[in-house]
Amino acid sequence: QLRMRFQAEADLRDAREEELKKICIEQAKELEELKREHADLQRERSARREGEQARSSTPRPRVFPPGPILGVEVANTQITPAKRMAMLQTHTQGAVRITGLTGSAMKGALKVGDHITWVNTSHRTLDAADFTSAMSKVQAGDTVSITIRRGRQEREVKLDVDL
């Protein structure tokens with residue numbers, strides 16, 4: 001009887017061990033499935049972030065506050081302070097791309113796609129903030145001298161500022 005009891009206990013241990021092995025195998029499979037789902041979610045989140053960044057970095061026309069108007073809409077581009085310093089030190093010309101024209105700007109001297117490099121020959125326009133700053137210094141009725149780059153050629157254009 002003692003042998004039979006030991007054998008029964010050994011059989012129970014073996015059965016429990018087999019049951020635990022099956023549970024471990026099932027949990028390992030579940031863990032692998034969860035890892036795959038997690039990787040899929042990370043890829044989706046990364047793609048969504050990239051899409052949001054692409055949308056947020058897409059240049060949009062700059063809208064200027066009421067006041068003197070040159071009649072030029074520009075792409076709302078911004079550059080980092082480090083890039084600005086590098087451009088100034090290497091005399092690299094940045095520019096603001098014209099995306100729309102109204103008022104005196106429509107008289108033929110400027111075209112959509114032109115790049116504004118200077119305003120009044122003293123305000124270099126590396127980005128939209130520079131252009132906005134330069135335009136804040138002019139008043140209605142002033143004539144503004146704008147240096148534009150079209151293709152590989154640069155030229156100076158004079159425009160009247162409207163109200």
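Remarks
- Qualifying residue in segment 47-69 (condition: surrounded by 10 or more Cβ atoms within 10 Å (Cβ to Cβ), of a type in the set (Lys, Arg) and modelled with pLDDT of 85 or more): no
- Any hit, segment 37-45, residues being among the aliphatic types (A, V, I, L, M), at pLDDT 80 or above, over 30 Å from LYS137 (Cβ atoms) and out of contact with any Phe, Trp or Tyr (no Cβ under 8 Å at 6 or more places or on another chain): yes
- Put simply, of ALA8, ALA28 the only residue that is part of a helix (DSSP H, G or I), within 57 Å of the chain's Cα centre (by Cα) and small (Gly, Ala, Ser) is ALA28.
- Checking segment 120-130 against the condition returns no match, with no residue being in a strand (DSSP E or B) and modelled with pLDDT of 80 or more.
The values are calculated or read from the model by the stated rules, or taken from the named source; none is laboratory data. This one's a predicted model, so the numbers in the text were calculated from it and none came from an experiment. We place every Cβ from the backbone using ideal geometry, glycine too, and count neighbours over all the protein chains shown.
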